[in-house]
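Below is one structure, written out as structure tokens, with a few remarks after it.
Values quoted throughout were computed directly from the atomic coordinates according to the rules given, and no laboratory measurement underlies them. Computed from a predicted structure; not experimentally measured. All Cβ positions, glycine included, derive from the backbone under ideal geometry; neighbour counts span all protein chains shown.
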Amino acid sequence: MVNKINIMLADDHDIVRDGVKAIISGTTDLHVIAEASSAAEVLDTLETTFPDVLVLDISLPDKSGIETLPLILKMRPKLPVLILSMHNNEEYIISAIKAGAKGYLPKNIPARELTDAIRRLQNGEEYFGEAISEVLRKALMRKLEKEEKPESSAESLSQREKEVLQLYCEGLTNQEIADKLFISIRTVETHKTHIMQKLELRTTVDLVKYAIRNKIIEV
């Protein structure tokens, strides 16, 4: 029997929730266990419901998803939250990440990308689609142009770690990085752990920022 990933949907539009439910109903490992149409309803539902992943819209009627995120994480610190929004400008994206979102996707994505993102968040990863990653890289590049010269700590990374870092920041999955570098997924994960430890970084945004500053990736 397949272990189901339990999902909560929070969006004030019935048609959006129905659409996501229809997508999820076509899978064997995903299951919607709760829905909410407002921030208050999200918080109330989480008092008694325990989803594995929360799919959250930004535009809720009583309080924005970004404002609600810290309240959600105060209740459930380990609950991964995936923002699914029509707002794809850098202000919303960066604010959502700072608030604690583990993923961010636009609403016009293919169905398969949504289900893949949910699985990856449940597995402890972060996920930002290609379009979102591009917005982040451009925003960070503009900011970094005003900041100091490259950090000397870049020298602490091995050549292989720099290659893994570059591919990760370009949005490749662990499997894609493994295939491209002809190494195992476990080796990729080990490299990523070492990179984060060496550079004392915590989030994807920190990692992309570091990679841009040190010219490991170009924008």
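Other residues within the sphere of radius under 12 Å centred on the Cβ of PRO80, judged by their own Cβ, net out at +2 (K and R +1, D and E -1). Along its principal axes, the chain has C-alpha extents of 50, 43, 30 angstrom, given from the largest down.
At 222 nm, what helix-only mean residue ellipticity would the chain give, in deg cm²/dmol to the nearest 500, using -39500 (n - 2.57) for each DSSP H run of four or more? Show your work: numbers first, answer last.
Working: 10 runs with 112 residues, N = 219.
Counting only the DSSP helices, I get -15500 deg cm²/dmol.
Excluding THR49 itself, calculate the net charge of residues whose Cβ lies under 13 Å from the Cβ of THR49, where each Lys or Arg counts +1 and each Asp or Glu counts -1. For residues surrounding THR49, the net value is -4.
Look at the dipole of the chain built from charges on Cβ: of ALA10, ALA99, ILE177, the Cα furthest out on the positive end belongs to ILE177. Rounded to the nearest 20, the size of the Cβ-charge dipole of the chain about its Cα centre is 620 debye, with Lys and Arg at +1 and Asp and Glu at -1.
Tell me, what is the percent relative contact order of the chain, built from C-alpha pairs under 8 Å that lie six or more residues apart? Each step should come with its number before you reach the end.
Working: 300 pairs, mean separation 32.2, N = 219.
Contact order relative to length: 15 percent.
Could you compute the net charge surrounding GLU125? Neighbours are other residues with a C-beta less than 15 Å from the C-beta of GLU125; K and R count +1, D and E count -1. Local charge sum for GLU125: +1. Between MET86, LEU73, VAL32, the Cα set farthest toward the positive side of the dipole of the chain (charges on each charged residue's Cβ, about the Cα centre) is that of LEU73. At q = 0.19 Å⁻¹ the log10 of I(q)/I(0) for the stretch 148-213 amounts to -0.67, computed by Debye summation with a single uniform scatterer per C-alpha, solvent ignored.
Working from Cα pairs under 8 Å separated by at least six residues, relative contact order for the stretch 1-128 is 22 percent. In terms of overall dimensions, the C-alpha atoms belonging to the stretch 5-128 reach 33, 32, 29 Å along their principal axes, ordered largest to smallest.
Between HIS31 and LYS98, residue separation times 0.36 nm minus the direct Cα-Cα distance comes to 21.3 nm.
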